[in-house]
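Input: a single structure, listed below in structure tokens.
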Amino acid sequence: MKLLKGTDYIRANREMLLKRAQALPRAPRLAVVRVGERPDDLSYERGAAKRLSGFGAELVSVSFPEDVQLETFLDAFGKLNADPLVDGILLLRPLPRHLDESAVIALLDPDKDVDGITPQNMAKLFMGASEGFAPCTAEAALRLLKTAIPDLTGKRAVVIGRSLVVGKPLAMLLLAEHCTVTICHSRTENLAAVCRDADILAAAAGKAGLVDGSFASDEACILDIGIHVREDGSMCGDVAADSFAERDVLLTPVPGGVGSVTTMILTEHLIRACERKMLQRSHG
Ligand code: NAD
């Protein structure tokens, strides 16, 4: 087994992104909107702040108590949307039940939607148009894959998971790269057999250790997108990495794989949002 590490992607792309950030007239600013204090949200926020600061970008944390009223929340959200100094908005989800998530998403300016959750950005992704923002995790998985296999034309790709956060967008990105794509989900029959056909297997089921040695043929490239924290605090993914130890596959590790590239893509999207705004201003 060989590891396809996030650092491979980050090392190859850092300089270019830094140059783009330095060419901007001011620091790009990301507003992270959080309700409550979920540990995984806080940890993602810390990781994003660290990555952004490495590019001179700023993260502003906008947090609300669990019981925030919808009106208060929408009002604050609307202000961020209208703030010319905020280039990107990242909404940490899921929101508590009493907040209507689709009403909030409908309000979000697609130009600030750096994690690609608005219907406008989703539509662009599903239409195969490249100018929108794709969800960062799905794009991170694709970019990391392309460091190992730059030309994906004709490859058989199997994606486990059909959520709008990871599975479906990743399937669309692979399709745009001319892969032949199969999407699997919780009701797929003979999952391991379907997966064994893949040149590229992406695991985003949210089930620790689901993918074992019986799921992949030799020479497959396996993207492990799942993130799980074990009782002892260590992390693992959807792939039982041990069962591939003696196999000839390429695997993204957890931690240090797709997750570590995600904040890099978030940074790139934020820089792109800021660049676009500057361009619109100079033309307008
Ligand atoms: P989700 O629960 O919304 O979706 C899971 C999908 O997997 C569903 O479509 C379901 O049908 C499918 N599935 C579940 N069990 C299955 C099974 N036994 N066999 C086949 N399919 C099955 O989860 P999500 O938000 O898409 O996230 C998936 C995983 O990715 C989670 O572990 C999450 O923590 C991780 N994640 C990682 C990042 C990152 O930055 N690396 C970002 C977001 C999510």
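Structural remarks
- GLY256 being within 16 Å of the ligand (Cβ to nearest atom) and on the phi > 0 side of the Ramachandran plot: yes
- Among the candidates ALA202, ALA198, ALA192, the residue that is within 15 Å of the ligand (Cβ to nearest atom), in a strand (DSSP E or B) and open to solvent by less than 30 Å² (accessible area, probe 1.4 Å) is uniquely ALA202.
- Among the residues of the stretch 176-189, just one is open to solvent by 40 Å² or more (accessible area, probe 1.4 Å) and either touching a Cys at 6+ places or on another chain (Cβ under 8 Å) or at positive phi (or both), namely HIS178.
- In the stretch 147-162, the residue that is nearest to VAL194 (Cα to Cα) out of those that are within 12 Å of the ligand (Cβ to nearest atom) and open to solvent by less than 50 Å² (accessible area, probe 1.4 Å) is VAL158.
- Selection over the stretch 206-240 of residues that are open to solvent by 40 Å² or more (accessible area, probe 1.4 Å) and aliphatic (A, V, I, L, M) gives a count of 5.
- Count - residues of the stretch 122-146 that are part of a helix (DSSP H, G or I) and within 16 Å of the ligand (Cβ to nearest atom): 12
- Of all residues making up the stretch 217-236, the number that are within 18 Å of HIS185 (Cβ to Cβ) and assigned to a loop (DSSP other than H, G, I, E, B): 2
- Residue, nearest to the ligand (Cβ to nearest atom), within the stretch 241-253, restricted to residues that are open to solvent by 30 Å² or more (accessible area, probe 1.4 Å) and in a helix (DSSP H, G or I): ALA241
- If you check ARG46, ARG34, ARG20 for being among the charged types (D, E, K, R), over 15 Å from ASP109 (Cβ atoms) and open to solvent by less than 20 Å² (accessible area, probe 1.4 Å), only one passes: ARG34.
- A count restricted to the stretch 68-119 and to residues that are open to solvent by 50 Å² or more (accessible area, probe 1.4 Å) and either touching a Pro at 6+ places or on another chain (Cβ under 8 Å) or assigned to a strand (DSSP E or B) (or both) stands at 2.
The values are calculated or read from the model by the stated rules, or taken from the named source; none is laboratory data. Computed from a predicted structure; not experimentally measured. Here the Cβ is made from the backbone with ideal geometry for all residues, glycine too, and neighbour counts use every protein chain on show. When the accessible area is computed, the model is the full protein with side chains, heavy atoms only, and any ligands, DNA or RNA have been set aside. Shrake-Rupley method; radii C 1.70, N 1.55, O 1.52, S 1.80 Å.
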